[in-house]
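Novice: Next up is a structure, given as structure tokens.
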Amino acid sequence: MNIVPPAAKPFLRPLFATNDEAWPASDLPLDKAVLDALKETKSAYTVLQAWAARALPLGPEARAELDRLRTREAVLDRELAAASSCLTEAGVEHLLLRGHALGTRYPAGQVRQYNDVDLLIREGDALPSALTALRSLDYYTARPMVCRRDGAGLWAGVALNRRVEGLGHPMYLDLTTLGPGLDRASAVPLPADAWAGLRELPVGGAHVPVLDTTWQAVVFAVELVERGGEFIFRDLLDLLALDRGRADWDAVVAALAGAPAAVVALAELHRIAQEAGIPVPTAPVPRPPSHGLGTAVSTRSRRAAVAALDHVIARLRGKNKARARRLVELFPVRPWFALGLPVFVLPPAADRQVSGGAVLRGVGLPDHRALVYPLVPPGYSRAAFAPPAEEHI
């Protein structure tokens, strides 16, 4: 698998080389064609910043892109500092999950490109307090929240947005509780040891909690599962930064005993890095899979149940959308949730009757609405989301 575009290779190699010989001659301009290739790798900001630092030539498009990315970073850092300070003042334990947290492992002078802010809330019970606190900064729920009862508590994934200037789109702030999710049926809750080793990252006058290098590598491996094997060059830079930061790969594999897919993805990325000439160690060896303990049903069973429901609804939607929506509205949420299966929690709509119930009380959001599938009723998004989420009809 080649994830280094040929046109971008001379510009990417210096980012992982150990000497100055890898830097190209000054007569090799970084023009629009190269810039387009770099954008595919999600490493354009890293390269452009390094080029500017060495006074190497940048074409007008590249210079404009560097200015844009610097503005984006300033906005994202400002939003991160504000959100973290807000949660701290509300007494909500949290940490920065990805993005800037990974960038701190890059060599001095290098930057990492990222597009949103991901925060992890330590306890699921703190989700309502976190949402209330962030509403004071004008964050709103952008789409239905995924909630599931886990052996460690309430796991939730929430997408928040806020209108800001300088990004070209809303500010994306994602909240997760307990630990990073592999999918909506499983997650990797972070243990007390991970929280005990937090350090503070100064950002815009705030002190944002971040993980140590080894636990950051655990989170990174979980994120790789989302790629589905479609890695990007920035993943290689992240891997190298974590390795240079002395991540304990054996400890990473041990922490991922219940998430073998993450270990497999990590091993594959190690292999790709070595083929590309990036100096990383031998890939970690996957351990025998664990299908999850401490929940009402195993991870394998949860995934099978979710896949079966998705299949039924997809087929029904293809034939009769109204009947599919009716099935979702009538499907019993409480037993589904009690089995550790995911439900989707929608924010309240002023013109809709509040459903209440044990599930929503368990989530801590009794004024919301819970469904087993994110099939938003007609008109609901216009009344509940601001601005409206895309209708799922």
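The values are calculated or read from the model by the stated rules, or taken from the named source; none is laboratory data. All of these numbers come straight from a predicted model, not from anything done at the bench. Glycine also receives a Cβ, built like all others from the backbone with ideal geometry; neighbour counts cover every protein chain displayed. Each accessible area value is taken on the protein alone, full model and side chains, heavy atoms only, with ligands, DNA and RNA left out. Shrake-Rupley method; radii C 1.70, N 1.55, O 1.52, S 1.80 Å.
Novice: Could you compute the net charge surrounding His311? Neighbours are other residues with a C-beta less than 14 Å from the C-beta of His311; K and R count +1, D and E count -1.
Specialist: Counting the neighbours of His311, the net charge comes to +3.
Novice: Between 0 and 90 degrees, rounded to the nearest ten: what's the tilt of helix 213-227 against the longest Cα principal axis of the chain?
Specialist: 70
Novice: Can you tell me how much longer the chain between Asp250 and Glu61 gets when fully stretched, taken as 0.36 nm per residue apart minus their C-alpha distance, in nm with one decimal?
Specialist: The span from Asp250 to Glu61 would gain 63.7 nm if fully extended.
Novice: Once amide H atoms are placed 1.01 Å from N in the peptide plane, what residues at a sequence separation of 5 or more from Leu182, or on another chain, have their amide H within under 5 Å of its amide H?
Specialist: Those lying under 5 Å, H to H, from Leu182 are Ala187, Val188.
Novice: Quote to one decimal, in nm, the extra length available between Leu339 and Ser298 on full extension: 0.36 nm per residue of separation minus the C-alpha distance between them.
Specialist: Length gained, Leu339 through Ser298: 13.8 nm.
Novice: Then there's this: When ligands, DNA and RNA are left out and all protein chains stay put, how many square angstrom of accessible area per residue does the chain have with a 1.4 Å probe?
Specialist: Here the per-residue accessible area is 44 Å².
Novice: Run the quick spin-label model on Leu137 and Ala90: label points 7 Å from Cα toward the beta carbon, then report their separation in nm to one decimal.
Specialist: Output for this residue pair reads 1.0 nm.
Novice: So what's the angle, to the nearest 10 degrees on a 0 to 90 scale, between helix 299-319 and the longest Cα principal axis of the chain?
Specialist: 80
Novice: Quick one: which of 266-272, 232-238 comes out on top by average Cβ neighbours within 10 Å, and what's the full order, highest first?
Specialist: Descending mean neighbour count gives 232-238, 266-272.
Novice: Where Lys and Arg each count +1 and Asp and Glu each count -1, what net charge lies around Met145 among other residues with Cβ under 12 Å from its Cβ?
Specialist: Here the count lands on +3.
Novice: Further question on the same structure: Counting Lys and Arg as +1 and Asp and Glu as -1, what is the net charge of the other residues whose Cβ lies under 13 Å from the Cβ of Ala187?
Specialist: +1
Novice: For Asp193 and Ala257, calculate 0.36 nm times their separation in residues minus their Cα-Cα distance, and state this gained length in nm to one decimal.
Specialist: Full-extension gain reported as 21.4 nm.
Novice: Now for a separate question. Leaving out ligands, DNA and RNA, what percent of the accessible area of the range 205-276 is carbon and sulfur, probe 1.4 Å?
Specialist: Carbon and sulfur: 48 percent of the exposed surface of the range 205-276.
Novice: Relative contact order (percent) for the range 185-290, with alpha-carbon contacts under 8 angstrom and 6 or more residues of separation?
Specialist: Values: 116 pairs, mean separation 26.6, N = 106.
The normalised contact order for the range 185-290 reaches 25 percent.
Novice: Something else now. Just to verify a number: what accessible area does Arg323 come out at with the full protein assembly present, 1.4 Å probe, Å² rounded to tens?
Specialist: In the full protein context, Arg323 sits at about 150 Å².
Novice: Determine, for each peptide in 157-165, 336-344, 41-49, the mean count of other beta carbons within 10 angstrom over its residues, then list the peptides with the highest first.
Specialist: Top to bottom by mean Cβ count within 10 Å: 41-49, 336-344, 157-165.
Novice: Can you find, among Ala17, Ala254, Ala130, the residue farthest towards the positive end of the dipole of the chain? Put +1 on the C-beta of Lys and Arg, -1 on that of Asp and Glu.
Specialist: Ala130
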